[in-house]
Every structure is written in structure tokens, then in C-alpha cells.
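Heads up: the structure comes next, in C-alpha cells.
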Amino acid sequence: MGWQMRKSNSQKMIEGLLAHADIKINGNRPWDMQVHQPALFERVIGQGSLGLGEAYMEGWWDCHAMDELFARILNAELPSHVVTLRDRLFFLVTHLSNRQTGKRSYKVGEQHYDAGNDLYQRMLDQDMNYSCGYWRDAATLDEAQQHKLELVARKLKLEPGMRVLDVGCGWGGAAHYMAKQHGVRVVGVTISREQAQLAADQCMGQDVQIRFQDYRELDEPFDRIYSIGMFEHVGFKNYPDFFRVMDRCLSSGGLFLLHSIGHRITSRRVDPWIERYIFPNSILPSSELIGRHSSEFFAIEDWQNFGLDYYKTLMIWHRNIDKAWPQIPQYDEEFRRMWRYYLMTCAGAFKAYRNHLWQIVFSKGPQTDVYEAVRSGK
């Protein structure tokens, strides 16, 4: 290509940055970027991560091993070297405003979780658990998700007849499992209409009630509470209210399990591409913020990190949806590339150990026994 011989200043700058991560433009290794449009470099300089993601959606570049590409980019701290004025303004807005108010909280449900049940049915396990599987003793995605749910049940010490709250119940896989396998009565809440409808169908015949409801509206007693893959949508300005509601609903002596992606560093920054196309009004919590805002109400009994299991889960989701794509022709090529970019960038973040997956067990009030940590979900 002639443009490769006549490199612009933007291309030279990007190539110089990528060299720190051992990434080449149009190289022959799986993680090297294959650039089809020379305007990509100027676009990335001007628009940062948003421009990079949108350019991929439009077919301006490709990469065979995108998970490894982004793991290398993150390990080399390259995003900090390309921060645009638009990025700074966006970060300021997310810092100053509450982007997860009651009205705005439903946006992520409408945009992401309502993208189509047929999409998620082909990507996820048989019970449609849209969160990290637990791979310690598992060989398949179905096993990993079942082991994750059993791990949650054991950590909560579920007993038949208990009333249990599922905050962010998704398509009802966890609620159905807890009711069927442990004989508990479950109330599940979600902000996605698509999820609520399918969850109600999937839980039919079990002692499960599914509600299309924001967690802030809850005010009733439960023996146990769990929240799997929902806390990422709460927002740091709402952490005090979130834990206050959990305290309001959890009976004295009860246990509450929080399953969430997290980051070890407290940051108010949100990736602009993820914000626009995947998870609007969402932000990853830090261990410091969780500890600070939960300590008024709860004691921490256990904190487990198995973030590398999420890398494996995401790669299998990608394989599943890539294989099944011909079965869902209603999604165009730009959507397909957007979805692949989402899964692979997230996989790269876990592979680089920048994102973590935490299961935290909280207790409220006096406990009758010393809490013993559980690590087997089999």
C-alpha cells in the first residue's frame, strides 16, 4: 500500500506507542493490527478509544487475536497516552453528574439487555446466565455457570423456606436454580422488560416472582440477598443508597452476596465507546469504594477474586455467538463487529488482570456461627 510508504505524523505516533506493547501495523502475528484505512491514525488521535472502536465497527481495521491485542495495550498503559479533549469533557460530566438516577437506570436495560433474547440465547449457557462462570471444577460453560450458582448458594447458607432477593435477576437462571435446588422463595428484580418477560416464563412452576422494578423501590424483608452482575450499573454516586436499600431489606442475622466486576483502582473514568454502544451510565466499582460505603451497614465475611474465569467465559461467549451468527440474520455486519469488539476488549481487560471478578459476602447484625469461606461450587 502506498500510504504505508508515506507515513503521516499520526501514523508514526501510533506506531511508536504500539511498539511499547510489541504490536505492529499490518504485521504477521495474531495480535498485530491489520489497517485498511490510513485515516484510522488521525481518527484515533482525534477521538481516542471511541474513534478506535467505531473504526473497527466500520471495517477500517481488523485483528485475529483482539483479546491479546487489548491485553497488550492495557499492560503497556497506552490509553493514558491518547486522551482527547472529548475524553476529558466526558470524564468531567461523569464525575459531576449522577448518570444512574432512577429514570436513567432503565436506559441500559433498553439498549443492552433488550437487544434481543435470540442473541443471548445463542451466546450464553442453557439457563442464560449473563455473568462469569466458575471454572474451578468445570469443563463446559453449562457446568461453569451451574457451579457458580451453587457457589453462591453455599456462601449464602441457603435453607428451604428462606425468602431470597435477587437484585438484577437477568433472565431468571439464578432465581430458578435457587428455588428448585434449595427450596427457597425468590423475588427477582430487573430493569429490562425483555429479561423480565423471559425470566417469568423460565421460572414458571417455581416459587419465584419476577418484577420489572428498580432496586431503589424495594422495601420489604428478606432472609438472604444476592446480586450477580448488576452492581456495575449502580454508579459511584449511588453506592450509599444501594447499600442502604440492601440493609433495609436484609433481616438481622442475614447474609448478602455481591458478585461484581471490579477494579483495584478508584476511578471516575468510563470508556466512551463502552458507554455509547454497550453499557450506558455504567462504571466499575473499586474495592476501596465498596468497603467505604458498605461498612456503615455490613461486616465483610469473605472476598473472593476469580477474574481470570471471566476471560475464559467471554472467549466461549465469543465462540458461541460467532458460530451461531447465520441463525440471527436480523443483526447486520456493523452490529456483529460491535458485539465482537465488546466481547474481545472485555476479555483483554481480564487477561491483562486489569478487571477483576469479585464475590463478596456481607453479614448484617450478630451471627450465630463463625463464617467459613466456601470455594467449591460442585
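The values are calculated or read from the model by the stated rules, or taken from the named source; none is laboratory data. Quantities reported herein were computed from a predicted structural model and do not represent experimental measurements. Note: ideal-geometry Cβ built from the backbone for every residue, glycine included; neighbour counts use all protein chains shown.
Quick check: anything in the stretch 11-32 assigned to a helix (DSSP H, G or I), at pLDDT 95 or above and in contact with an Asp or Glu (Cβ under 7 Å, 6 or more places away or on another chain)? Looking for residues that are assigned to a helix (DSSP H, G or I), at pLDDT 95 or above and in contact with an Asp or Glu (Cβ under 7 Å, 6 or more places away or on another chain), one finds none in the stretch 11-32, hence no. Every condition in (1) on the phi < 0 side of the Ramachandran plot; (2) modelled with pLDDT of 95 or more is met by GLY253 except one, and the failing one is (1). Checked against the criterion of being surrounded by fewer than 23 Cβ atoms within 10 Å (Cβ to Cβ) and more than 19 Å from the chain's Cα centre (by Cα), the candidates ARG154, ARG224 yield just one match: ARG154. Scanning the stretch 2-27 for residues that are over 19 Å from GLY59 (Cα atoms) and surrounded by fewer than 14 Cβ atoms within 10 Å (Cβ to Cβ) yields GLY2, MET5, ARG6, ASN9, LYS12, GLY16, ALA19, ASP22. Within the stretch 31-50, restricting attention to residues that are surrounded by 22 or more Cβ atoms within 10 Å (Cβ to Cβ) and within 23 Å of the chain's Cα centre (by Cα), the residue that is nearest to PRO272 (Cα to Cα) is LEU50. Every condition in (1) modelled with pLDDT under 95; (2) surrounded by 20 or more Cβ atoms within 10 Å (Cβ to Cβ) holds for ARG264 except the one numbered (2).
Candidates are the residues of the stretch 316-368 that are farther than 18 Å from ASP67 by Cβ and among the hydroxyl-bearing types (Ser, Thr, Tyr); the one that is surrounded by the most Cβ atoms within 10 Å (Cβ to Cβ) is SER363.
Would you check if ASN238 is among the polar types (S, T, N, Q), modelled with pLDDT under 95 and in a loop (DSSP other than H, G, I, E, B)? The answer is no for ASN238. Based on what the data block shows, is LEU284 modelled with pLDDT under 95 and either crowded, with 18+ Cβ neighbours inside 10 Å or part of a helix (DSSP H, G or I) (or both)? When the stated conditions are applied, LEU284 passes them. Scan the stretch 173-195 and give yes if some residue there is in a helix (DSSP H, G or I), at pLDDT below 95, under 15 Å from ASP127 (Cα atoms) and of a type in the set (A, V, I, L, M), otherwise no. The answer is no, given that none of the residues of the stretch 173-195 is in a helix (DSSP H, G or I), at pLDDT below 95, under 15 Å from ASP127 (Cα atoms) and of a type in the set (A, V, I, L, M). Those residues that are touching a Lys or Arg at 6+ places or on another chain (Cβ under 8 Å) and not β-branched (Val, Ile, Thr), I need them from the stretch 170-208; list them, please. Those that are touching a Lys or Arg at 6+ places or on another chain (Cβ under 8 Å) and not β-branched (Val, Ile, Thr): ALA179, ARG185, GLY188, ALA196, GLN206, ASP207. Would you please list the contacts, defined by Cβ atoms under 8 Å and residues six or more apart or on different chains, that run from a residue in the stretch 163-190 that is closer than 9 Å to ILE210 by Cβ to a residue that is assigned to a helix (DSSP H, G or I) and of a type in the set (S, T, N, Q)? From residues that are closer than 9 Å to ILE210 by Cβ, the pairs are CYS169/GLN195; GLY172/GLN195; GLY172/GLN202.
If I filter the stretch 211-218 for residues that are touching a residue at least 60 places away in the same chain (Cβ under 8 Å), closer than 17 Å to SER295 by Cα and either of a type outside the set (Val, Ile, Thr) or not in a strand (DSSP E or B) (or both), do I get at least one hit? Looking for residues that are touching a residue at least 60 places away in the same chain (Cβ under 8 Å), closer than 17 Å to SER295 by Cα and either of a type outside the set (Val, Ile, Thr) or not in a strand (DSSP E or B) (or both), one finds none in the stretch 211-218, hence no. The set of residues in the stretch 243-267 that are in a helix (DSSP H, G or I) and not acidic (Asp, Glu) comprises PHE243, ARG244, VAL245, MET246, ARG248, CYS249.
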